1. When you go through (1) over 19 Å from the mean Cα position of the chain (by Cα); (2) open to solvent by 50 Å² or more (accessible area, probe 1.4 Å) one by one for VAL59, which number turns out not to apply?
2. Tell me, yes or no, whether segment 96-103 has at least one residue that is open to solvent by 70 Å² or more (accessible area, probe 1.4 Å), of a type in the set (S, T, N, Q) and within 26 Å of LEU357 (Cα to Cα).
3. Any idea which of PHE208, PHE186 is in contact with a helix residue (DSSP H, G or I) (Cβ under 9 Å, 6 or more places away or on another chain) and either buried (at least 24 other Cβ atoms within 10 Å of the Cβ) or of a type in the set (Lys, Arg) (or both)?
4. Can you go through LEU136, LEU187 and tell me which one is touching a Pro at 6+ places or on another chain (Cβ under 8 Å) and not β-branched (Val, Ile, Thr)?
5. Search segment 106-121 for residues being surrounded by fewer than 18 Cβ atoms within 10 Å (Cβ to Cβ) and among the hydrophobic types (A, V, I, L, M, F, W, C), and hand back the single one that is nearest to LYS241 (Cα to Cα).
6. Of all residues in segment 317-350, which are modelled with pLDDT of 85 or more, open to solvent by 40 Å² or more (accessible area, probe 1.4 Å) and not aliphatic (A, V, I, L, M)?
7. Identify, from the list LEU255, LEU269, LEU301, the residue that is buried (at least 16 other Cβ atoms within 10 Å of the Cβ) and either out of contact with any Ser or Thr (no Cβ under 6 Å at 6 or more places or on another chain) or modelled with pLDDT of 75 or more (or both).
8. Quick one: SER230 ticks every box in (1) touching a helix residue (DSSP H, G or I) at 6+ places or on another chain (Cβ under 6 Å); (2) within 24 Å of GLN106 (Cα to Cα); (3) at pLDDT below 80 except a single one, so which number is it?
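The values are calculated or read from the model by the stated rules, or taken from the named source; none is laboratory data. Keep in mind that what you see is a predicted model, and the values were worked out from it rather than measured. Backbone-built Cβ (ideal geometry, glycine too); neighbour counts: all protein chains shown. Areas reflect the complete protein model, heavy atoms only, side chains present, ligands, DNA and RNA absent. Shrake-Rupley method; radii C 1.70, N 1.55, O 1.52, S 1.80 Å.
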Amino acid sequence: MSSSVSAPAWPRFLQFREALRRLGPGLVVCLVLASLALSLARLPWLQAHGLSALTLSIVLGMLAGHSVYPSLAAAAEPGVQFTRQTLLRLGIVLYGLKLTVQDIGQMGLAGVTTDALVVASTLMLGAWAGRRWLKLDREQALLISAGSAICGAAAVMATAPAVQARDHQVAPAIATVVVFGTLAMFLYPWMFALNQSLQWIPGGAHGFGLYTGATIHEVAQVVVAGRGMSPEATDAAVMAKMVRVMMLAPVLLALGVVLSRRDRKAASLGASVGAVQGASPKSFGINVPWFAFAFMGVVLLHSWLPVPAAAAGDLSRLDDLLLAMAMAGLGLGTQLSAVRRSGPRPLWLALLLFVWLVVGGAAISRMTSWLFM
């Protein structure tokens, strides 16, 4: 009786041991790099300059990738690939624990509308300008657009599997949003002081905070910029940024549907030519990023069934670790030669979107304030 019960467990144990043996070295490498990045991110100087653990993780990964990692790659690559794919998706899902639906109610209709218009306009401008003007690959244009429109490096990493981007396309996208997000941290406090007399952005400190959260790339960069303004502006900026991050899931779902339709249309044109030449048609399905549904599910669950504070803290730290490991894995697979081959065009697109976020975002903020005053 006991042997019949325990027999099925033995093959599962062997499978687990084999998976651990295959993935273990790469997981350990990414864990070490991520832990180091998380420790460095606590240093006051790095915090003051808005260098988050995610940014530090990819930098450390790139440094290791060009030094010690090549000698470990044969054993570690399966685990590194696992962090870039599976652990990344899990990290994005757990990110939902930092958001609640109640954030939307606190923002008001004007703030939510500003966020939505900024995200939509930045995505459309980036996709159009990246493809038509700068002749970038579709995937790279969408990565830079998503990073600028939503939440920086985290959005780039979440969008990559949805658009089936390659590692050499992801790294330049992250680098560009980090550069211009860092620039925004120093620009916005100066603009805040100027706005107090000129009133470009209506609504005082609260209104400028909403504008800040709707237009700066990373959450950490929003916090740093807010510290140079006022407590009221900081609170409004973080709230607006959190609502903007919540738009990640619907954007990913929309991208999956739109891209699948375009690929299907291109495939049908190719099939008509192939039919003449005797080739068999290729079928396409919708590339739905299913982890986006899980992300929204976690947000809803966290909104109506609050997680105990101790557990929420542990899960938040786990999420930070998973995302940092994914970034480290990306850095390990990024070669500077591939980044250089992408040329200056990704930087030009990110610059265009940065200017749009500052100027166009201000125009959108004024318009929504006037509409919902």
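1. (1) is the only condition that VAL59 fails.
2. yes
3. Criteria check complete, one pass: PHE208.
4. On inspection, the qualifying residue turns out to be LEU136.
5. Applying the filter and picking the extreme gives ALA116.
6. Answer for segment 317-350, where residues must be modelled with pLDDT of 85 or more, open to solvent by 40 Å² or more (accessible area, probe 1.4 Å) and not aliphatic (A, V, I, L, M): ARG317, ASP320, PRO344, ARG345, TRP348.
7. That would be LEU255, the only listed residue that is buried (at least 16 other Cβ atoms within 10 Å of the Cβ) and either out of contact with any Ser or Thr (no Cβ under 6 Å at 6 or more places or on another chain) or modelled with pLDDT of 75 or more (or both).
8. Of everything listed in (1) touching a helix residue (DSSP H, G or I) at 6+ places or on another chain (Cβ under 6 Å); (2) within 24 Å of GLN106 (Cα to Cα); (3) at pLDDT below 80, SER230 misses just condition (3).
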